[in-house]
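Here's the structure, in structure tokens; my notes come after.
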């Protein structure tokens, strides 16, 4: 085993090793050669080589999403680093730990007109938890050790992105037979809970006849089954979940938009909660945000150790605890309340579900019918990765068969990087993964397929409606001047050539009969990943969806 002869490289790699940051995604370059040598020469690191830095960062994000430990990214100097930014912003808002390690020129070569140099220090300052700006030279060894320890511990403790900027002078490729440094390891700590006044909170709960729990993104099985069962028994408590909440119970309402889109003012007033409790990541439904901002709760508690957003402009309590611990401590103080808040909403929900089934039996072949077939086709044991925009919003309308673990990049809600994240998640989880995406999101991130790590049990479903179909649904958008060019971005592309280039099994369908037939064998074992492209009629998709909400009133 060899080491780079750069002390800074050895310090970074050894501290990553000690802290079990052992998945390293490297984008090829020259200035980062000392880091590449340090990571690839050691057998304890699992290294990946991905050329496109933007794809590399989302690939790393997908791995970190699954293993719940930091994944390191390594790149050369200059603009390469900037391509990490979209994934870093997603990690920042989704609480996913990434460690960016950027090689840099020595300080003397920055801002003098030397090639491949930019101002790399603090370049992610608005979307980073910590920036370790290291210095080149043995005299900075102790200071560099301190900064690197802080950076890596911050990623572990606060579950988010950090940046280590590492300048290296030439020569870059020289190796050493032994370590020149033995960096001091400062262990990471566990983020402590801060207990609120439970008697005070219980008093507010017990006086509130209408309580609403709204959850955003949650990890699978994050909430204990015992707590789930207890909460579901309170008839004065309503629980709204989303596709990405991964939290299920027959008394919970998963399709929020399905329930509330058709409510009138009097019904909204009846739904208005006295107490709103939120936890989890970002909420997808724009309608529930609009509802809670207009019909504000008297109290809003957000449960999260790290942060609390005032999304509904009514935040009254930030509970810095894990939700399971919070409810375990609160439940003994709670009293039942005579209310039909839950049961009345569940009746409305059942009515909407019956109408939902009726409408799907009547409606023409369209995006809505396609997503219904797709979400009913997913076998047990598969993980579901969703692209943003229309895909994740359609997922909100269906109870997905077999309740797969569901993931989506909802931190910033961008379409960039969804495919790369799904590929990284498939690698990181080791599970079969189906990724469902729209055409624009897929083509935008097509370089995600440009790597050697695509598992054979990866399945990709592209719903191709020839453009950004979601814009047709937005009020007034499709009547805007130059709509097709600058909003919908109409196109005639298909994924066939990409699949041929990247060695995926490709199939295309254009009608419901062919779709059902293809889905019946799509998940069968294969010696290559598979991609199914489903073409839908862009001219009617928006009207079908608008008519859906009218029909289920």
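The values are calculated or read from the model by the stated rules, or taken from the named source; none is laboratory data. Treat the numbers as computed from the prediction; the structure is a model and nothing was measured. Backbone-built Cβ (ideal geometry, glycine too); neighbour counts: all protein chains shown.
List of remarks:
- Residue within the stretch 143-151 that is surrounded by fewer than 17 Cβ atoms within 10 Å (Cβ to Cβ), more than 34 Å from the chain's Cα centre (by Cα) and touching a residue at least 60 places away in the same chain (Cβ under 8 Å) present: no
- Filtered residue count, the stretch 492-509, keeping only those that are part of a loop (DSSP other than H, G, I, E, B) and surrounded by fewer than 14 Cβ atoms within 10 Å (Cβ to Cβ): 2
- The residue that is modelled with the highest pLDDT, among those in the stretch 178-209 that are surrounded by 12 or more Cβ atoms within 10 Å (Cβ to Cβ) and within 24 Å of residue 282 (Cβ to Cβ), is 196.
- On inspection, residue 135 fails the criterion of being surrounded by fewer than 21 Cβ atoms within 10 Å (Cβ to Cβ), free of Cβ contacts under 8 Å to residues at least 24 places away in the same chain and either not assigned by TED's automatic domain parsing to the domain that holds residue 412 or not in a loop (DSSP other than H, G, I, E, B) (or both).
- Positions within the stretch 362-391 being under 21 Å from the mean Cα position of the chain (by Cα), over 17 Å from residue 548 (Cβ atoms) and surrounded by 17 or more Cβ atoms within 10 Å (Cβ to Cβ), in sequence order: 378, 382, 383, 384, 385, 386, 387, 388, 389
- Flag: residue 86 matches the condition of being within 18 Å of residue 160 (Cβ to Cβ), surrounded by 18 or more Cβ atoms within 10 Å (Cβ to Cβ), at pLDDT 95 or above and out of contact with any helix residue (DSSP H, G or I) (no Cβ under 6 Å at 6 or more places or on another chain).
Every residue, every condition in (1) farther than 26 Å from residue 84 by Cβ; (2) at pLDDT below 95; (3) out of contact with any helix residue (DSSP H, G or I) (no Cβ under 9 Å at 6 or more places or on another chain), yes or no:
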site	(1), (2), (3)
359	yes, no, no
380	yes, no, yes
385	no, no, no
392	no, no, no
416	no, yes, no
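- If you filter the stretch 516-547 down to residues that are assigned to a helix (DSSP H, G or I) and under 28 Å from the mean Cα position of the chain (by Cα), you find that the one that is surrounded by the fewest Cβ atoms within 10 Å (Cβ to Cβ) is 546.
- Verdict on residue 474 being buried (at least 21 other Cβ atoms within 10 Å of the Cβ) and either within 23 Å of the chain's Cα centre (by Cα) or at pLDDT below 95 (or both): no
- Here the condition is being assigned by TED's automatic domain parsing to the domain that holds residue 7, surrounded by 23 or more Cβ atoms within 10 Å (Cβ to Cβ) and closer than 30 Å to residue 284 by Cβ; of 67, 128, 63, 101, it holds for 63 alone.
- You will find that of 213, 204, the residue that is closer than 18 Å to residue 304 by Cβ and either touching a helix residue (DSSP H, G or I) at 6+ places or on another chain (Cβ under 6 Å) or not in a loop (DSSP other than H, G, I, E, B) (or both) is 213 and no other.
- Candidates 312, 341 - the one that is out of contact with any helix residue (DSSP H, G or I) (no Cβ under 8 Å at 6 or more places or on another chain), in contact (Cβ under 8 Å) with a residue 24 or more places away in the chain, crowded, with 20+ Cβ neighbours inside 10 Å and within 21 Å of residue 201 (Cβ to Cβ): 341
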